[in-house]
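Student: Quick one: the structure is below, and I'll ask about it shortly.
Derivation of every value follows stated rules applied to the coordinates shown; laboratory data play no part. As the structure is a computational prediction, the values presented were derived from the model and not from experiment. Using ideal geometry, Cβ is built from the backbone for each residue, glycine included, and neighbour counts are taken over all protein chains shown.
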Amino acid sequence: MKSARRRSRELATQGLYQWLLSGVPSGEIDAQLRGSQGYDKADHEHLDAILHGVIRESEELSAFVAPCLDRPIEQLSPVERAVLLVATYEFKHHVDIPYRVVINEAVELTKTFGGSDGYKYVNGVLDKVAAQLRATEIQSARKS
């Protein structure tokens, strides 16, 4: 059974995938997602925050991710890019969600929607992004 937050991340990833490929406005994507299978079981507040927040802050979020990549962000698959942006948004704005949970959720999203080994790449990149955005949390976890 998937949690409401997991469903919201899945739907946000699908919406961001569409946005990355087509540039469709967020309102149009939001309307389409509302008719998607599983929407009724999603955390709507979390979905809205992620979808609209990532689109609004995509340049800033990409700037956090870019130094952690081995290629330009535009060369990533749209799935990997969307997942990295979702996770980076959560690192930045949802400090109530432990960084390990954010990374695990991103890995699961990539396994669901991405290529066969994309999750390994996403995991490695997010370890580096977390070190930037959640340094204090990581240090505390290592001391425990």
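Student: So what is the orientation-averaged projected area of the range 44-90, using the convex hull of its C-alpha atoms, in nm²?
Tutor: The Cα convex hull of the range 44-90, projected and averaged over all directions, gives 3.1 nm².
Student: Still on this model: Based only on other Cβ atoms within 10 Å, what is the fewest-to-most ordering of Glu74, Glu137?
Tutor: Listed from fewest to most nearby Cβ atoms, that is Glu74, Glu137.
Student: Still on this structure, I have one more. Give the shape of the range 4-143 as rounded, prolate or oblate, defined through the alpha-carbon gyration tensor: a ≥ b ≥ c are the square roots of its eigenvalues, a/c under 1.5 means rounded, and otherwise the shape is prolate if a/b is larger than b/c and oblate if not.
Tutor: prolate
Student: Considering the chain as a Gaussian network with a 10 Å cut-off on Cα pairs, which listed residue, Glu80, Glu90, Glu60, attains the greatest mean-square fluctuation?
Tutor: Highest fluctuation of the listed residues: Glu60.
Student: Relative contact order for the chain using alpha-carbon pairs under 8 Å, separation at least 6, rounded to a whole percent?
Tutor: Computed over the chain, the figure is 23 percent.
Student: Treat every Asp and Glu Cβ in the chain as -1 and every Lys and Arg Cβ as +1, leave all other atoms uncharged, and give the resulting dipole magnitude about the Cα centre to the nearest 20 debye.
Tutor: My answer is approximately 500 debye.
Student: Past 26 Å, Cα to Cα, is the threshold; run Lys92/Lys120; Lys2/Lys92; Lys2/Lys120; Lys2/Lys143 against it and keep the listed order.
Tutor: Check vs 26 Å cut-off fails for Lys2/Lys143.
Student: Provide the per-residue ³J(HN,Hα) series for the range 52-58, in order, calculated from phi with Karplus coefficients 6.51, -1.76, 1.60 and θ = phi - 60°, each as a whole number of Hz, with x at glycine and proline positions.
Tutor: With coefficients 6.51, -1.76 and 1.60, one gets 6, x, 5, 4, 5, 10, 4 Hz.
Student: Still on this structure: Run a plain Debye calculation on the range 3-81 (Cα atoms as equal point scatterers, no solvent) and give log10 I(q)/I(0) at q = 0.14, 0.22, 0.26 Å⁻¹, rounded to two decimals, same order as the q list.
Tutor: -0.46, -1.01, -1.25
Student: Where is the GNM fluctuation largest for the chain (alpha-carbon springs, 10 angstrom cutoff): Val101, Val54, Val129?
Tutor: Judging by the Gaussian network model, the answer is Val101.
Student: Can you compute the modelled spin-label distance between Gln37 and Asp96, with each label point 7 Å from Cα toward Cβ, in nm?
Tutor: Here the modelled spin labels are 3.1 nm apart.
Student: Cut-off is 10 Å between beta-carbons; in what order do Arg5, Arg56 appear when sorted fewest neighbours first?
Tutor: Arg56, Arg5
Student: While we're looking at this one, here's another question. What ³J(HN,Hα) values, in whole Hz, does the Karplus curve 6.51 cos²θ - 1.76 cosθ + 1.60 give for the range 72-86 when θ = phi - 60°, with x put for Gly and Pro?
Tutor: Couplings: x, 4, 5, 8, 6, 5, x, 5, 4, 5, 4, 5, 4, 5, 4 Hz.
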